[in-house]
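Worksheet: the structure to be examined is printed underneath.
The values are calculated or read from the model by the stated rules, or taken from the named source; none is laboratory data. All values derive from a computational prediction rather than experimental measurement. All Cβ positions, even for glycine, are placed from backbone atoms using ideal geometry, and neighbour counts span all protein chains on display. Accessible surface areas use protein heavy atoms only, side chains included; no ligands, DNA or RNA. Shrake-Rupley method; radii C 1.70, N 1.55, O 1.52, S 1.80 Å.
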Amino acid sequence: LRRISQRTISTASRRQFENRVPEKQKLFQEDNGIPVHLKGGVMDALLYRVTMGLTVFGTAYVVYELLLASMPKKQK
């Protein structure tokens, strides 16, 4: 049991991952007129649009609730 646990830990630490930092640096430093927060591709654009949509919806909802809270309630 001891050998099995040591073997799995030691083999996991030997795995080598390819260094992709230079590729990403070239991509993000390229001067192509695209904002840096959108240079990652489709997922960046999707995340940006979802974030903007939630922000606009949240702002509109807060303004609506503030207007609702500022109006006096009718007495019956």
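Observations on the structure shown:
- Thr8 vs. criteria outside any loop (DSSP other than H, G, I, E, B) and modelled with pLDDT under 90: yes
- Condition broken by Glu65, with the remaining ones in (1) modelled with pLDDT of 90 or more; (2) open to solvent by 90 Å² or more (accessible area, probe 1.4 Å); (3) of a type in the set (D, E, K, R) satisfied: (2)
- If the condition is being open to solvent by 90 Å² or more (accessible area, probe 1.4 Å), part of a helix (DSSP H, G or I) and either touching a residue at least 60 places away in the same chain (Cβ under 8 Å) or of a type outside the set (S, T, N, Q) (or both), then the range 20-53 contributes Glu23, Lys24, Lys26, Val36, His37, Val42, Met43, Leu46, Leu47, Tyr48, Arg49.
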